[in-house]
Amino acid sequence: MPMSRLIVVFLLWIFGTAVHAAPPLSTTALATIDRATLAATQQGDILGLEPYLAPNFQAAIKVPTEQGRFQTLLFNREEFLLYAWHALSVMQDYQVRAQKADYQIAQDGRSAVGTAILDESLHWEGQALRYTTRRTTHYRPNQNQIQITLLEVQVLKWDQPH
């Protein structure tokens, strides 16, 4: 076989593998990602969280204000990781309990959305905080893994500290 054909075959193998190596989206795979990211968050392991976030990751976190309104915090991947690192470094006793998530996989298999209700609690500056959130997570296969492209969090219920 001429060298040029070997190079073409090699390039097709390399690039063809990357295109077809993306794992299929399944509720089992998505639930595994959710468990891993929640465990990393609960353990304060930002480096464990980072591989699950796509390079174009975005987060929108809707939190209540003291005036009874909501404020939406928007983050790109780097900002979100920095925000998570800072939050985890100043809070204590973070606990999270997730209810069973509902996953919708697109018919073409190229994206999925998962929605879960989470009950969370922590201590922040000596005050106990408890809240319930709805997390809507958007997933896409990327090369050899499934990654999160968008995380939307909305606080549904918040027990204000006294």
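Computing FRET efficiency as 1/(1 + (r/R0)^6) for Arg69 and Gln145, where r is the C-beta to C-beta distance and R0 is 30 Å, gives about 0.20.
Dipole size in debye (nearest 20) for segment 23-159 around its Cα centre, Lys and Arg Cβ +1, Asp and Glu Cβ -1? Present the calculation step by step, with values, prior to reporting the outcome.
Details: 12 positive and 14 negative charges, 79 e Å.
The calculated dipole for segment 23-159 is roughly 380 debye.
Here the simple spin-label model places points 7 Å from the Cα toward Cβ, and for Gln104 and Arg134 these points are separated by 1.2 nm. Sorted fewest first by neighbouring Cβ atoms within 10 angstrom, Phe70, Phe80, Phe75 come out as Phe70, Phe75, Phe80. Between Val155 and Asp119, the modelled label-to-label distance comes to 1.9 nm, taking each label 7 Å out from Cα in the direction of the beta carbon.
A simple spin-label model places the labels of Lys62 and Leu47 3.6 nm from each other, with each point 7 Å out along Cα-to-Cβ. How high is the relative contact order of segment 23-159, in percent, with contacts defined as C-alpha pairs under 8 Å that are six or more residues apart? Across segment 23-159, relative contact order equals 26 percent.
Every number in this text was worked out from the coordinates using simple rules, so none of it is lab data. None of these values were measured; they are calculated from a predicted model. Positions of Cβ are backbone-derived with ideal geometry, glycine not excepted, and every protein chain shown enters the neighbour counts.
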